[in-house]
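A quick write-up on the structure given underneath.
No value in this document is a laboratory result; all are computed from the given coordinates. All figures in this text were calculated on a predicted structure; none of them were measured in a lab. Heads up, the Cβs are rebuilt from the backbone with ideal geometry, glycines too, and the neighbour counts pull from every protein chain shown.
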Amino acid sequence: MPPQDPAPSLATSLNARSRSAWRLAQVSAWLIGVAIFALLFVLPEVGLAALWNTLIPVAPALIVFAPGVWRNVCPLGTTAVAARHAGLSARRSLSPLSRVWLNFAGVVALFVIVLWRRFELNTNAQSTAAVLAALGALSIAMGAVFEWKSGWCSGLCPVHGVEKLYGSKPLIAVDNAHCDACERCTNPCPDSTDAIHPMLGTSCFPQIASEWLLVGAFPGFVWGWFHVPDHVGGWEWSSALSDSTPVLLGASATLAAFIGIRRLVPKRHEGRLVRVFAAATVSCYYWYRIPALFGCGPFPTDGTLIDLSAVLPDGWIGLSRAVTTTIFVGWIVFYPASKRHWLHRPPYASGTISGSSDWESGFTESGDPSANRFSQASPLVQLDVAATDRATEWPSANGHGERTRTFHSEPRGAPSRASRGNGRSLHSVPKDSADR
Ligand code: SF4
């Protein structure tokens, strides 16, 4: 039985000092993002270096160890929830199926944007600015329509899949600095669910495809990406496929390995399988990225922040690779940390529980889960995927018939807005059946 997090993710709220500190951090990160966007027009080389060779290389490590900090200060996330903070969001609920499709679209967007970097974005500031503007507009639109983070941060954002891949074993959990009160916009809430990972989800096509791409294909994709040079001065559609050969080969190889290994791994060890592939991916990233930052990458000048190749001692690349691989594999795969969530869940919003079902009638208007008679039930809640599959006539799970998933500590006895809004059923299940 894997270790259980003894500290439930409940009823934490920001005091005035913490709120001010997080708001300052959010505004600072947002202004940095705006400054980088502006630099792409006025000083293109500086803007490209600031984005692709400074900000982005830091992000994977931050997501591994402190995904909650990333989620609190990400400029696009702040942009997405600005409408909600201003009281201008329509606050619509997303059905679980819609959210899975949004997640899948985000994963596809991740692969397209990352590959596009090699063909154009890494060296073309105007195209990079256009992509950032499009992502910003999408985040605003999703936040204006959907409740809190459900539309963007936990929905369509291309980085969200990476957060779930890398962030299953955070070093620290911090307070949620965006959601003033939990409206149960997302079930399971990735911020508040212990040891969330990409393979916790319903067994439908977009979920399976996301798992295959994100967990299976991503390590080889990253490896192949570092074996494709930047295209300076544009690229041709006709050669795009041949130029992408290393990426396609790498992604295919690790996807095949993932599919094969997964058949041998019991379902309760799926989380460990994800962590092995996650550690391989992030280790591969820094294996190549750190040398490239200092002018020692596979292709001279590609991805270089400052060229120190003439002054760095022999053997530093090997040392760098040994250190980063030891840190990420050791932490993600081997370190026996307790399960943790990314962000402490804020208090449940009052007045969000109403209606006449058994679930809802057991809740109090105070929003205090401790006052709910269902809070004495098992903290494990199972999304009834089989019923969902029948209702929506999805194809069979993955060739092995219908499949169910369980979630630990989510929603801790409380029905979500999403689950209440579309008639999907939630059932308590025995703790021993935890899908870990
Ligand atoms: S804490 Fe609640 S309101 Fe915030 S993202 Fe999670 S489920 Fe939504």
| note | Taking placed amide H atoms and a strict 5 Å upper bound, the residues 5 or more places from ARG92 or on another chain that come that close are PHE146, GLU147
| ³J(HN,Hα) computed for each position of the range 307-314 - Karplus, 6.51 cos²θ - 1.76 cosθ + 1.60, integer Hz, glycine/proline x | 7, 10, 4, 7, 10, 6, x, 4
| Taking the simple approach of a point 7 Å from Cα along Cα-to-Cβ for both HIS227 and ALA105, what is their distance in nm? | 3.4
| task | Would you mind computing, in nm to one decimal, how far apart the modelled labels at VAL145 and LEU241 are, each placed 7 Å from Cα along Cα→Cβ? | result | 3.3
| request: Report ³J(HN,Hα) in whole Hz for each residue of the range 276-287, in order, from the Karplus equation J = 6.51 cos²θ - 1.76 cosθ + 1.60 where θ = phi - 60°; Gly and Pro get x. | output: 5, 5, 5, 5, 4, 5, 6, 5, 4, 4, 6, 3
| field | Computed E for ALA181/ALA310 - FRET, C-beta separation, R0 45 angstrom, nearest 0.05 | value | 0.20
| request: Between ALA130 and SER28, with labels modelled 7 Å along Cα→Cβ, what's the label distance in nm to one decimal, could you check? | output: 3.5
| task | Would you please give the residues with an amide H less than 5 Å from that of LYS169, counting only those at least 5 places away or on a separate chain, with H modeled from the backbone geometry? | result | none
| task | Taking amide H positions as placed in the peptide plane 1.01 Å from N, state which residues far from ARG340 in sequence (5 or more) or on other chains have amide H under 5 Å from it. | result | ALA195
| task | Quote to one decimal, in nm, the extra length available between VAL112 and ARG268 on full extension: 0.36 nm per residue of separation minus the C-alpha distance between them. | result | 53.0 nm
